[in-house]
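One structure coming up, written as structure tokens, with questions to follow.
The values are calculated or read from the model by the stated rules, or taken from the named source; none is laboratory data. These figures come from a predicted structure and were not determined experimentally. Because the Cβ atoms are built from the backbone with ideal geometry, glycine has one as well, and the counts that use them run over all protein chains shown. Surface accessibility is based on the protein's heavy atoms, side chains included, excluding ligands, DNA and RNA. Shrake-Rupley method; radii C 1.70, N 1.55, O 1.52, S 1.80 Å.
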Amino acid sequence: ELIERDTEVRRLERSEEIKNTLRELATTSPDPRIFRDAAIAAMGENAGASYAALMGLSVSKDRLVEVSSWSTAEEPPSPESIPREDLSRIEASGLGQIIKYSEADSAGICARFEAHECWVVPIHDNAQFAGYIVMTWSDDAPFLGSVEQTALRDIAGLFESLYSWIQLGARYQTTVASIDDALFGFSFRRDHSRRYHFATAQFAVLTGYQPSELMEDS
């Protein structure tokens, strides 16, 4: 009982540790690519995996391609692309699952990742299916029970939320950068003076003043 309790405490500590790491990465790495690569590596290492990857949809949306990966092996797996329909049951369920080489409908997927077992969880962006996080472990790795799988699903859910948030911010920046007009927002104080909350970079082009100067209310 003491061993089980100690194992549970350590599992919870690891889970909170990786969640804090993901939150910190999201606030310090606003670039989606930087966050994505760092997060996949952090999640794989925290889970004790030998390989972790983010598989995203191809342009045609009928295949999955490796977007980011992390591995402890000198020669990591190279899955290239996977037909989307091969994992349709997991996409439909919306839940992370273990798939095994011994199962006929999963053998091909496991073979691509060079593993006897894979843990696969769907990832969404703006409520739309966007791909999977895939993890594999070495043959001598401990078995993933229901508790461990639940923890992995929670962590993957946090990654999904943070990654969507960062991508939304990046799309906003791209949209704003394409607008010639300066955009800004302000509110009125009690003395009817303006307090500016934000201004885009075009403000400097049109007025000669940097947005930061506007924020300083000088």
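Give region 100-125 a look and list any residue that's under 13 Å from the mean Cα position of the chain (by Cα) and open to solvent by 30 Å² or more (accessible area, probe 1.4 Å), or say none. If you could, list the steps in order and put the result at the bottom.
At the first step, the residues of region 100-125 found to be under 13 Å from the mean Cα position of the chain (by Cα) are 121-125.
Those that are under 13 Å from the mean Cα position of the chain (by Cα) and open to solvent by 30 Å² or more (accessible area, probe 1.4 Å): 124, 125.
Quick test of your reading of the structure: residue 195 fulfils all but one of (1) over 30 Å from residue 49 (Cβ atoms); (2) outside any strand (DSSP E or B). Name the failing condition by number.
(2)
Of the conditions (1) exposed (fewer than 13 other Cβ atoms within 10 Å of the Cβ); (2) under 24 Å from residue 170 (Cα atoms), residue 69 satisfies every one except a single condition; which number is it?
So residue 69 meets the others, but not (1).
Give region 101-129 a look and list any residue that's farther than 16 Å from residue 61 by Cα, in a loop (DSSP other than H, G, I, E, B) and either touching a Cys at 6+ places or on another chain (Cβ under 6 Å) or free of Cβ contacts under 8 Å to residues at least 24 places away in the same chain (or both), or say none.
101, 102, 103, 104, 105, 106, 116
Since residue 185 meets every condition but one in (1) within 30 Å of residue 92 (Cα to Cα); (2) in a strand (DSSP E or B); (3) of a type outside the set (S, T, N, Q), which condition does it not meet?
Failing condition for residue 185: (1).
Out of region 203-218, which residues are exposed (fewer than 10 other Cβ atoms within 10 Å of the Cβ) and at pLDDT 85 or above?
The first filter runs over region 203-218 and keeps only residues exposed (fewer than 10 other Cβ atoms within 10 Å of the Cβ), leaving 208, 216, 218.
Residue satisfying the conditions is 208 alone.
Something else now. So which of 154, 180 ends up being open to solvent by 50 Å² or more (accessible area, probe 1.4 Å), not in a helix (DSSP H, G or I) and not basic (Lys, Arg)? Give the steps one after another, and end with the answer.
Values: 154 fails: not in a helix (DSSP H, G or I).
The match here is 180.
So which of 10, 5, 33, 14 ends up being open to solvent by 100 Å² or more (accessible area, probe 1.4 Å) and within 19 Å of residue 163 (Cβ to Cβ)? Before you say what the answer is, go through the steps one by one.
Values: 10 fails: within 19 Å of residue 163 (Cβ to Cβ); 5 fails: within 19 Å of residue 163 (Cβ to Cβ); 14 fails: within 19 Å of residue 163 (Cβ to Cβ).
The match here is 33.
I'd like to check something: does region 43-61 contain any residue that is surrounded by fewer than 16 Cβ atoms within 10 Å (Cβ to Cβ), over 22 Å from residue 159 (Cα atoms) and modelled with pLDDT of 90 or more?
Start the filter on region 43-61 by keeping residues that are surrounded by fewer than 16 Cβ atoms within 10 Å (Cβ to Cβ), which leaves 45, 48, 58-61.
This time we only want the ones that are over 22 Å from residue 159 (Cα atoms), so: 59-60.
Narrowing the set further to residues that are modelled with pLDDT of 90 or more leaves 59-60.
Looking for residues that are surrounded by fewer than 16 Cβ atoms within 10 Å (Cβ to Cβ), over 22 Å from residue 159 (Cα atoms) and modelled with pLDDT of 90 or more, one finds at least one in region 43-61, hence yes.
How about region 157-177: which of its residues are open to solvent by 70 Å² or more (accessible area, probe 1.4 Å) and either part of a strand (DSSP E or B) or in contact (Cβ under 8 Å) with a residue 12 or more places away in the chain (or both)?
165, 168, 177
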